[in-house]
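Any read-out appearing in this document is the output of simple, stated calculations on the displayed coordinates, not a laboratory observation. Bear in mind that the values here come from a model prediction, so they are computed numbers and not experimental data. For neighbour counting, all protein chains shown are included, and Cβ atoms are generated from backbone atoms with ideal geometry for every residue, glycine included.
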Amino acid sequence: MRRLWSGLRRGVTPLGRAVISTGLLALTLARLTGLVELAVVAALCLLLVAIGLAVVLAPSDVRAVLVLRPDRTSVGSPVRGRLRLANRWPVSVLSPVVEVPAGTESRWLRLPTLRAYGTHDAQLVVPAPRRGVITVGPVVYRRTDPVGLFARRVRWAAPVELLVRPATVDLAGLPLGEIRDLEGVPSDRLSMSDLAFHALREYVRGDDLRHVHWRSSARAGQLLVRQYHDTRRTSALLLVDTRPEAYADPEDFELALSVAASVTMRAGHDGYDLALVCGDTIVGGGDPSYVLDAFCRATLDAPGNTHALADLVTRGLAAAYDASLLFLVSGTATPLVDLQRVVAQTPADLWAAVWRTGAGEKAGLAEYAGRPIVTLGELGQLPVAMSEVAR
């Protein structure tokens, strides 16, 4: 009851305050002067207040569910949502007005009358102007009286999250690295359990008997086991620099995430295992959609919690020890000598490339210790640059 009264006090509109003040003043003056006209004014104000309270506080039971399909999108691609309403009260709700917040914006929807025990589906469009996580909702019904003296906010539907992924471009392909894909050329590493047959060798104690080739063993008079080429899928490691000093402008960080997301999309298409290290976020190999979702929540490091560039590489190699490809994405504000030092610490058998992003910068390609260092000024330059370094 106390919560209801507190909410009601906050819901008194400026017009409601004026009517209440006028009624109280007229009632006081009527008692002092005995004027009937003032008593009538006070009675009318009291009647309006009573009707307004009765309308605003009247019980209702409306259940609503907010659904976004899909609940993930990319920058600039709006998402359509559906608000499903069910009136479980024997009284109709006349033309309700609901508020649907979406991030920093709020939209008002006027719905048709909800009949008693009736249902209604309302369509809405949620824009996605920037990368990030947009909270859509909660859906709030703004209930007012006919005169507009009181306004009561009733929550109808819980909020939902919309993940807005970075903008991406299509890439023709990624480098193959040392270990090729299952459909490609096997590596030089040998394995006792795989798909590409290599040769037969003598049985050694501890070998799995399932790999014994019985026909050859019978002819040779000794146990022989199959040995295979290692045909594991290519594993890629993606590192995103989250130090604020690495980027001359916050938009450069958005460009860096778009580059990383484009690489992720291509890696998923080619069936590569992909691991991501982005600030405190570490996503192991698996479904690339988890990596794309991590980009939605990525932020620059807070002051005092900055990750060193060398530490980023160290943590990445520990998370993906068998990686054959490494992509490091940073900003053009990072000194070139720091990037060269990082390149020098990567293993010699690991294909590595550094991508420097800076909005408006001139595209360029350099090499250090045989590793490409690419500068990008816009996302559209990535496909050509990737084709050059993937040769």
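Tabulated data for the structure shown
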read-out	value
Stokes-Einstein D in µm²/s, Kirkwood radius over Cα pairs - the stretch 235-389 at 37 °C with 0.692 mPa s viscosity	216 µm²/s
Cα-only radius of gyration and Dmax that characterise the stretch 2-57, units Å	12.8, 39
Residue-averaged [θ]222 nm for the chain, counting only DSSP H segments that reach four residues, each worth -39500 (n - 2.57)	-9500 deg cm²/dmol
Integer Hz, Karplus 6.51/-1.76/1.60 couplings in order for the stretch 53-59, x for Gly and Pro	5, 5, 5, 5, 8, 4, x
Extended-chain gain in nm, criterion 0.36 nm per residue less alpha-carbon gap, residue 116 and residue 214	27.5 nm
Sorted by Cβ neighbour density within 10 Å, fewest at the top, the residues 265, 386	265, 386
Sites residue 58 and residue 269 - FRET efficiency at Förster radius 51 Å, r taken between beta-carbons, to 0.05	0.35
Solution diffusion estimate, µm²/s, Stokes-Einstein, the chain, Kirkwood Rh from C-alpha pairs, 4 °C, viscosity 1.567 mPa s	49 µm²/s
Antiparallel %, DSSP beta bridges [both residues in the chain], to 5	70 percent
Rounded Å value of the spacing that divides the Cα centres of the stretch 307-380 and the stretch 99-172	42 Å
Stretch in the chain that is longest and holds no chymotrypsin sites (Phe, Trp or Tyr not before Pro) that DSSP places in a loop and that have at most 14 other beta carbons within 10 Å	118-320
Scaled radius of gyration (Cα, divided by 2.2 N^0.38 Å) that the stretch 22-97 gives	2.06
Computed Kirkwood radius, in angstrom, where 1/r is averaged over Cα pairs of the stretch 62-165	14.3 Å
Pairwise label distance in nanometres, residue 17 with residue 321, each label 7 Å out on the Cα-Cβ vector	6.8 nm
Derived scalar couplings ³J(HN,Hα) [the stretch 214-226; Karplus, 6.51 cos²θ - 1.76 cosθ + 1.60; whole Hz; x for Gly, Pro]	5, 5, 5, 5, 5, 6, 7, x, 8, 6, 10, 10, 6
